[in-house]
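Asker: Here's a structure for you.
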Amino acid sequence: MAAAEFYALAFTLLGAWGVFTWRKSFKLTGPWAQRRWYLFLVELLFAGSCFACAAALGFDWFRAWLLAPLGASFLGMIPLPCYFDAVDRIRWLHAARNLLFLAVAALCLALAFGFVPLARFGL
């Protein structure tokens, strides 16, 4: 399996996860119920970015700038509650999740703006 095929599969699975998690935005109660649209838009950006990257890799027209919206979606997810309740309850786990999202966002944006070459990832 070539690197592009592997990444296309990974982006497709991530996009499917994003579509699956959209349901959470309609089930919110409490203070997050008023921010339902923010959650929905972040998930839409995430899933759309993942599917766009997967399609671009599959049709061999992938460009690094396609990772910018994905990085923005990870930045947008930092203030949101986690889908797993235990992550929101355990402070250090929530901090680790936010650091992971920040690192992924930084990597996506670094790739998108050419600070890190795509060749390092086999593309």
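Asker: Name the residues in the range 52-76 that are outside any helix (DSSP H, G or I) and surrounded by 21 or more Cβ atoms within 10 Å (Cβ to Cβ), would you?
Answerer: Answer for the range 52-76, where residues must be outside any helix (DSSP H, G or I) and surrounded by 21 or more Cβ atoms within 10 Å (Cβ to Cβ): just F62.
Asker: State the number of residues belonging to the range 22-43 that are modelled with pLDDT of 80 or more and surrounded by 16 or more Cβ atoms within 10 Å (Cβ to Cβ).
Answerer: Total meeting the criteria: 3.
Asker: Being assigned to a helix (DSSP H, G or I), at pLDDT 90 or above and surrounded by fewer than 17 Cβ atoms within 10 Å (Cβ to Cβ): is that true of L13 here?
Answerer: yes
Asker: Of all residues in the range 77-111 being of a type in the set (V, I, T) and not in a loop (DSSP other than H, G, I, E, B), which is farthest from T21 (Cα to Cα)?
Answerer: Per the stated criteria, the residue is V104.
Asker: What are the pairs, 6+ residues apart or on separate chains, where a residue within the range 101-115 that is closer than 16 Å to E43 by Cα has its Cβ under 6 Å from a residue that is hydrophobic (A, V, I, L, M, F, W, C) and at pLDDT below 95?
Answerer: The qualifying pairs are F101/M77; F101/I78.
The values are calculated or read from the model by the stated rules, or taken from the named source; none is laboratory data. Remember, it's a predicted structure, so these values are computed and weren't measured experimentally. Virtual Cβ from ideal backbone geometry, glycine too; neighbours counted across all protein chains shown.
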